[in-house]
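The structure under discussion appears below in the form of structure tokens.
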Amino acid sequence: MKKLIKIVVATVLLFITPFAIAQAEGTFRDCPDCPEMVSIPAGSFIMGSSPEEAGRSGNEGPSHQVSVGPFSMGRYEVTVGEFRQFVQETQYKTDAERNAGIFKGCKAWDVSDGTFQWRAERRWDNTGFTQTERQPVVCVSWNDANAYAGWLSHKTGKAYRLPSEAEWEYTARGKTSTSRYWGNSPSASCLYANVADATVGPGNLAWKNRNDCEDEYFFTAPVGSYLPNAFGLYDMIGNAFEWTADSFHDDYNGAPTDGSAWQGNNGQRVFRGGSWNSEPRSARAAARDSAGPSFRISSVGFRLASSFHPE
């Protein structure tokens, strides 16, 4: 089964060239080095999960209908190379570099002990594992993500921002109502997502709670390495968790139904989507997690949204 999955992935991706992706209808860039964006049509969906969904947490309910207006979403997670351009142009120092809060550096996984720990030397360009310019940037906080969005807004004259949690789930579902945009089975994850799987890591390390497949990436993968969803978005599940604009609430009682960001509860901010180390219960469209705005870890990055919608 694992060998078959690898063959199918390789065959499909052979025909999804970067040129073809760049020329896809409904995509655009506001500058040559800007993240590629996808125009997302308005629509309605059921946000959250039902009590019957495998892996569900109580904070995913009650499920409710949300209507989302048209907007634009990043085709990929913001990459190391894109974030590097921001840093070089502004001399920005991330929260990891400034040791914001009570911890130093970034909470990072390390081969020496196989755990996530706060490590003073870790930051977005020194995560403890190999990151090319096309890997998703991680070890960035909610504050850092907003700083990047603000810089890009000023640079282009367009209003870039983090997506609301509702916008994120709407696009992550990719016009489906299943727990993942490819269906309900985590065993098919390696066609669509970089998650914790049977791939063996450095020192023959292996994930205990894993998806029953093999994608050959133990850490992050270059963005766009897997199949997209129906909106043409890549890595909406897996590779890196993604910050959203919302404050965290314990459940959806009283949540807005117009797709806007839900603010005002506390300082915790929501991140979604699972990452390279996510077990099946975390790699679902409805799964939610949160942390403070200066929190940073080597499994969390972000992608951008924009309220403008080219006709």
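The values are calculated or read from the model by the stated rules, or taken from the named source; none is laboratory data. Being a predicted model, the structure only gives us computed values, none of them experimental. Because the Cβ atoms are built from the backbone with ideal geometry, glycine has one as well, and the counts that use them run over all protein chains shown. Areas reflect the complete protein model, heavy atoms only, side chains present, ligands, DNA and RNA absent. Shrake-Rupley method; radii C 1.70, N 1.55, O 1.52, S 1.80 Å.
Some observations on this one:
- Gain upon complete extension [LYS208, VAL111; 0.36 nm per residue less C-alpha separation]: 33.4 nm
- Average accessible area per residue (Å²) across the chain - probe 1.4 Å, nucleic acids and ligands excluded: 41 Å²
- Isolated cysteines in the chain, defined as those with no second cysteine Cβ under 4.7 Å, do not occur.
- Förster radius 35 Å - calculated FRET efficiency between THR27 and THR130, Cβ distance, rounded to 0.05: 0.80
- Nonlocal Lys pairs with alpha-carbon distance under 24 Å, the chain (8 or more apart, or different chains): 8
- Per-residue [θ]222 nm for the chain (sum of -39500 (n - 2.57) over DSSP H runs n ≥ 4, rounded to 500): -5500 deg cm²/dmol
- When a 1.4 Å probe is rolled over the protein heavy atoms, the share of accessible surface on the chain that falls to carbon and sulfur comes to 51 percent.
- Paramagnetic reach from SER177 (point 7 Å along Cα→Cβ, amide N under 11 Å) across segment 47-79: 47
- Cα extents of the chain along the three principal axes, largest first (Å): 48, 43, 42
- Nearest-10 value in Å² for the accessible area of LYS107, using the 1.4 Å probe: 60 Å²
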